Amino acid sequence: MLIRLTDELDRLKQAAAESAAAQITNGMIVGLGSGSTAAFAVQALGRRIREGLRITGIPTSERTAAQARALEIQLSTLDEHFKIDVTIDGADEVETGTLNLIKGHGGALLREKIVAEASERLVIVVDHTKIVDHLGMRESVPVEVIPFGWQGAAHRLKDLGANPTLRTGPGGEPFKSDGGHYILDCGFGPIASAETLADELDHIVGVVEHGLFIGLTAEVRVAGGGGVSVLGP
């Protein structure tokens, strides 16, 4: 799968992704993230495999799996490899200091979090526009819900101060994740405590998962005008 560079942000995404892919070594079990920036990392790994790198990939979405197969990246599952050496993934927002994340605007947040939890290291690759002082400043929080009775979960989310919107597909039908769930995009505005909000979301009946990734990030590779910098916790 050839990724076309359309603008300067794409070039920055590629730079961050390639810097992370360059750290992968022979024999590693590698989580393969989803989304536009992670796709550049998968592409870079495919190129390194053609040069002799040997790894096993654990994809976080069907789309990523298809890209990896096209690049002849050997794939496996968490059933066979329940411990992952490193996962490379993108993010919608990264909070300075904590390195907590908002993820899921690509629709793969449940599998992304499962793979992140199984990883020794979660490496996030982003361009500089994704860095914020507080999560929620620019992006909504995706909340994955069971289709049955999703309206009840939406009402509970409103009680928490959210403005939930059902994500839809190109034809106006409800978007469905790879797991067959709906996603409610919840605008909270700047979030004072992502940890507190994550705990509240975890206790809403019908919520399968949410896009707040708390305490999972080992490092963030940020591409800007001056090159790629590395942020650690």
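Structure notes:
- Residue satisfying all of: in the stretch 205-225; out of contact with any Lys or Arg (no Cβ under 9 Å at 6 or more places or on another chain) and among the small types (Gly, Ala, Ser); modelled with the lowest pLDDT among these: Gly225
- Residue selection: Lys83 fails the criterion of being of a type in the set (D, E, K, R), crowded, with 16+ Cβ neighbours inside 10 Å and at pLDDT 95 or above.
- Within the stretch 143-166, residues that are under 23 Å from Ile191 (Cα atoms) sit with their Cβ atoms under 8 Å from residues that are charged (D, E, K, R) and exposed (fewer than 13 other Cβ atoms within 10 Å of the Cβ), at 6+ positions apart or across chains, in these pairs: Pro164/Lys158.
- The set of residues from the stretch 22-53 being small (Gly, Ala, Ser) and buried (at least 24 other Cβ atoms within 10 Å of the Cβ) comprises Gly31, Gly33, Ser34, Gly35, Ala38, Ala41.
The values are calculated or read from the model by the stated rules, or taken from the named source; none is laboratory data. Treat the numbers as computed from the prediction; the structure is a model and nothing was measured. So basically every Cβ, Gly included, is an ideal-geometry build from the backbone, and we count neighbours across all protein chains shown.
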